[in-house]
Number of protein chains: 2
Amino acid sequence: MTEPAEQQNNPQLDPAQIAKKYVAEVKVQVERISTRIKVVGLIASQDKPSLAYARATQQKFDAIGIDYDLRNIERLDLENEILALNADPEVHGIFIYFPVFHNEQDSYLRNLVDYRKDIEAGSQYWTHKLYTNDRLAVPGDPLKKALLPCTPLAIIKILAETGICEPQDEHPLMGKTVTIFNRSEVIGRPLAVMLSNDGAKVYSFDINGPLLFSNAKPAEVDISRSEALATSDIVITGVPSKHFEKVRCDEILPGTVCLNFSSVPNFADDIASHTNIFIPKVGPMTVAMCMRNTVRLYKNFHGA
Amino acid sequence: MTEPAEQQNNPQLDPAQIAKKYVAEVKVQVERISTRIKVVGLIASQDKPSLAYARATQQKFDAIGIDYDLRNIERLDLENEILALNADPEVHGIFIYFPVFHNEQDSYLRNLVDYRKDIEAGSQYWTHKLYTNDRLAVPGDPLKKALLPCTPLAIIKILAETGICEPQDEHPLMGKTVTIFNRSEVIGRPLAVMLSNDGAKVYSFDINGPLLFSNAKPAEVDISRSEALATSDIVITGVPSKHFEKVRCDEILPGTVCLNFSSVPNFADDIASHTNIFIPKVGPMTVAMCMRNTVRLYKNFHGA
C-alpha cells in the first residue's frame, strides 16, 4: 500500500514542481528585457492567510526580476486605484486578489482593469476573444497573440503533465470526456471552451444544471452528475462551498484524473488512495501563468 | 378609511400614468426623425408571463413609431445573436430580457451589447461613466450626453412625482435619507450613486451588509436594517427572493415613500394602508426610459 504516498510524491502531480519549468522559461524572457517590468498587486483584506498568499506571490515575481508592488488598500478605494494604475505608464501589470465584494461588483472591478495590464486575463476583453476564437491581442497584428485566462491555462498545462493528453496531436484530448463542476466566467466557462477546443467532450455543471461543450461550442444536455462522472476520464472541481457533495471514488472510473481548484476540498478524502491521479490545487501554476501573461502583455503593449 | 383606496388610485403613484408623459415626449422626438428606428428584443424563455411582458414592450415601442423586432431564441444562441446585431447597421438598439443564465454569464452578455445600441444602459460602459461622473457619451463631444441605466432613472423620475423632491433645487434630495435593499450592478449600486448625487444620504444593503453613499461616494458604515429604516424618508426594495424579511409599517416613519422594483413583494401587505406613499412596481417607467435612451442613442451614434 505504498501507492498513495508515491502518487502524492510524484513531482509531475505537484503544481509547484510543474511551475518551476514555466517560471524558469519566463525568467529567461524577463532577463532579455532591459526595462524592469512593474506589476502592482492590490489586496483589500486583513485576512492573514490571504495576506500570506499575496506576499508569496510577491516573492515569486520578485525572484524572477519582475518588480511586484503589493498594496493593501480599503475595498472602497479599489475602483479609483485601478483607474489610477490604468493611467500610470510606469505600471505594466495589475493583479487583484478576489473575492472582494462577493457580488457582481467583483466582475465590475475585474473588467475595469485595462486589458493591456490584465495579467490574469480575466476581464471580458480576453474571455470574449477566447469565446469567439479570436487569437489576436489586437486586430490586424498577427505577431501579438491573445492572452488566455491564467487559471484555466494553468489547469490545461497541469493536465498535459499527467500523461492523459497526446501533446503532439492537434487535438490532444480527442476522445476524452471531462466533467467540470463550476461554470464561472473566470474559470469554469473558459476552461470548458479550452478543453473542448483540444478535442474533449466536456460536461459543465453549475447550480443551474449541465451544458455539454464540444469544439468550443455549448449545447443543452440532459445528463445527471452520476452519468457524467461514470464516463469521464478527467474530473475537475471548483465549487467554493462546503455544501457541495464531494466526488467519491465509487462515482468515477478507476484511474480518473481528478483536479480541484476550489479553496474547499471537493473530492472525498480517499480519492488519491485509489488508482486515480489527484491534483488537489493549482495555485503555483496559476502564478506561473500570470508571470507568462505579464511578459506577453509587456511585449505586446509596453515594449519598445 | 378611504385613504388607502385614494392612494392606490392616485395617478401620480401609478408608474403607468407617469410614463404617459415621458412616452408622449419621446413620441414627438421619434416623429422628427426621418429614419425608422429599429430595436431588436431578445427573449430566451418559454415562460408565458415573460413572453406576455415582452410582447407588451413590443407594442409600446411600436405605438410610438419605433420598429421593435421581438425574437424568441435559444439561450445558447444569445451570444452570437448579440454579436450579429452589434454588427448590423440596420439595428439601432438591443434589448435583452434578463435573467437568462441566472449567473455571471448574464453580466457577460449585458456587457457584450455594443454601448451604442445598449438602450437599457446596463453595460459597464455606461455604469462606469456614472461612477466616474463622466457626463459625456464619448470623449470630447459635449453635445452627446451619457446615458443613465433605465431602471434607476425610472425610479428617480417616479420619486420626483411623489412630491418628496425639490425639483428646482440643484440637489433635489438634500437632507433626505434613503434605504435601498439591493446593490446589484444594474440597479442598486447605480441608483445609490444617482440618489446621493441628488443630495440624499443613502444606506445601501445587500446580503454582505450596508454601505453609506453620500455625494456619489460609498463609505463603510455600521448600521442595522432597523436603524436605517427608522430614519429614512424613502425606502426602496429590490430583492428577488421570497426569503427577504418584508419591510413592515412598524419599522418605518409615517409618510415614508416606499417603492419596490423586485418581481417579489418586499413590503408587508398593509404598507399602503397607512400614511405611506407606496409604489409597488416601476416596469412601465423602465420601458419609457428605455425609449428615451433609444432616441438618445440614435441621435448620438446613428443619426446623420
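None of the figures in this text is laboratory data; all of them are computed from the coordinates on show. This one's a predicted model, so the numbers in the text were calculated from it and none came from an experiment. No Cβ is skipped: glycine too gets one built from the backbone with ideal geometry, and neighbour counts run over all protein chains shown.
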Cα-based helix-to-principal-axis angle, A:188-197 vs chain A, degrees rounded to 10: 70 degrees
Folded to 0 to 90 degrees: helix B:15-31 orientation relative to chain B principal axis, Cα: 30 degrees
Along each principal axis, Cα extent of the protein assembly as shown, largest first, Å: 83, 52, 45
Relative contact order of the range A:224-304, defined on C-alpha pairs under 8 angstrom at six or more residues apart (%): 26 percent
Loop-located trypsin sites (Lys or Arg not before Pro) in the range A:6-75, at most 13 other Cβ atoms within 10 Å (DSSP): A:Arg32, A:Arg36
Rounded Å value of the spacing that divides the Cα centres of the range B:143-198 and the range A:177-219: 40 Å
The range A:236-304-the range B:59-93 distance, computed between alpha-carbon centres (Å): 40 Å
Under-5 Å amide H pairs with A:Lys176, H placed in peptide plane, nonlocal only: A:Lys201
For chain A: relative contact order, % (alpha-carbon pairs under 8 angstrom, 6 or more apart): 18 percent
Label distances, nm, A:Thr275 versus same residue in remaining copies, Cβ-directed 7 Å point: 7.9
Listed residues A:Gly65, A:Pro254, A:Ala288: farthest to the positive end of the dipole of chain A (Cβ charges): A:Gly65
Beta bridge orientation in chain B: antiparallel %, DSSP, nearest 5: 25 percent
Identity and axial distance of the chain A residue whose Cβ lies nearest the axis relating A to B, Å: A:Ser107, 3
Largest-first ellipsoid semi-axes for the range A:34-117, taking √(5λ) over the Cα gyration tensor eigenvalues, angstrom: 20, 17, 9
Rule-of-thumb Rg ratio for the range B:186-228 [Cα; 2.2 N^0.38 Å; N residues]: 1.05
Other-copy label distances relative to B:Arg135, 7 angstrom Cα-Cβ extension, nm: 4.9
Cα-based radius of gyration of the range B:152-283 once divided by 2.2 N^0.38 Å, which approximates compact folds: 0.94
Per-copy distances of the B:Ser34 label point, shortest first, in nm (7 angstrom along Cα→Cβ): 5.9
Projected area averaged over orientations for chain A, convex hull of C-alpha atoms, nm²: 16.1 nm²
Unit charges at the beta carbon, dipole of chain B: most positive-side option, B:Ser226, B:Thr132, B:Ala84: B:Ala84
Contour minus Cα-Cα distance for B:Ala87 and B:Lys246 (0.36 nm per residue): 52.8 nm
